[in-house]
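Notes follow once the structure below has been shown.
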Amino acid sequence: QVQLVESGGGLVQPGGSLRLSCAASRIIFSIYPMGWFRQAPGKQRELVARITSGSTTDYADSVKGRFTISRDNAKKMVYLQMNSLKLEDTAVYYCNVRLQSQDYWGQGTQVTVSA
């Protein structure tokens, strides 16, 4: 069973930065695209960023230029560097991988942007 464990969330002021980490296990990590999603209260879960096995990246328009996704295949880690955080970035952030049409999720990490 694939396991994904997120960390790095917290409380930050607008304009601040956070770096989220996701540790993957029980998976041939290097061959799979990875993604970060988020879900704010009362809203649907949405894609924030994704990275292919070859490290090609894609971002939601709302985070382009502020967030950076990266991966370390040797460590089986995927990261989300979040800069210039805004109030509307407040959400639970989830790491995701899709294997054979099945989505796997971590438990999520809370990011709260507040003055």
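The values are calculated or read from the model by the stated rules, or taken from the named source; none is laboratory data. Small disclaimer: the values here were computed from a predicted structure and weren't measured. With ideal geometry, Cβ positions are generated from the backbone for all residues, glycine too; neighbour counts draw on all protein chains shown. Surface accessibility is based on the protein's heavy atoms, side chains included, excluding ligands, DNA and RNA. Shrake-Rupley method; radii C 1.70, N 1.55, O 1.52, S 1.80 Å.
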Can you tell me which aspartates and glutamates have their Cα less than 14 Å from the Cα of Lys76? Leave out same-chain residues fewer than eight positions away. Glu6
Let me see the P(r) profile for the stretch 69-115: every Cα-Cα distance counted, bins of 5 Å, each bin given as a percent of all pairs. 5, 16, 20, 24, 17, 10, 5, 1, 0
Could you calculate the FRET efficiency of Arg19 with Arg66 from 1/(1 + (r/R0)^6), where r is the beta carbon distance between them and R0 is 22 Å, rounded to 0.05? 0.95
Averaging the inverse of every distinct alpha carbon separation and then flipping it gives the Kirkwood radius. What is it for the stretch 1-88, in angstrom units? 13.7 Å
Could you run the Karplus curve 6.51 cos²θ - 1.76 cosθ + 1.60 with θ = phi - 60° over the stretch 13-30 and give me ³J(HN,Hα) per residue in whole Hz, x for Gly and Pro? 7, x, x, x, 10, 9, 10, 8, 10, 9, 9, 10, 9, 6, 7, 7, 4, 5
The stretch 19-115 - accessible surface per residue (Å², probe 1.4 Å): 54 Å²
Could you sort Glu46, Glu6, Glu88 by accessible area so the largest value comes first, with the probe set to 1.4 Å? Glu88, Glu46, Glu6
Points 7 angstrom from Cα along the Cβ direction at Lys75 and Thr112: gap in nanometres? 2.7 nm
Cut-off 11 Å, label 7 Å out along Cα→Cβ of Ser84, residues of the stretch 31-66 by amide N: 63-66
Roughly speaking, to the nearest percent, how much of the chain's 1.4 Å accessible area is carbon and sulfur? 47 percent
Using a Förster distance of 22 Å, the FRET efficiency for Val2-Ser55 (Cβ separation, nearest 0.05): 0.60
Among Gln81, Gln39, Gln100, residue whose mean-square fluctuation peaks in a GNM of the chain (springs only between Cα atoms under 10 Å): Gln100
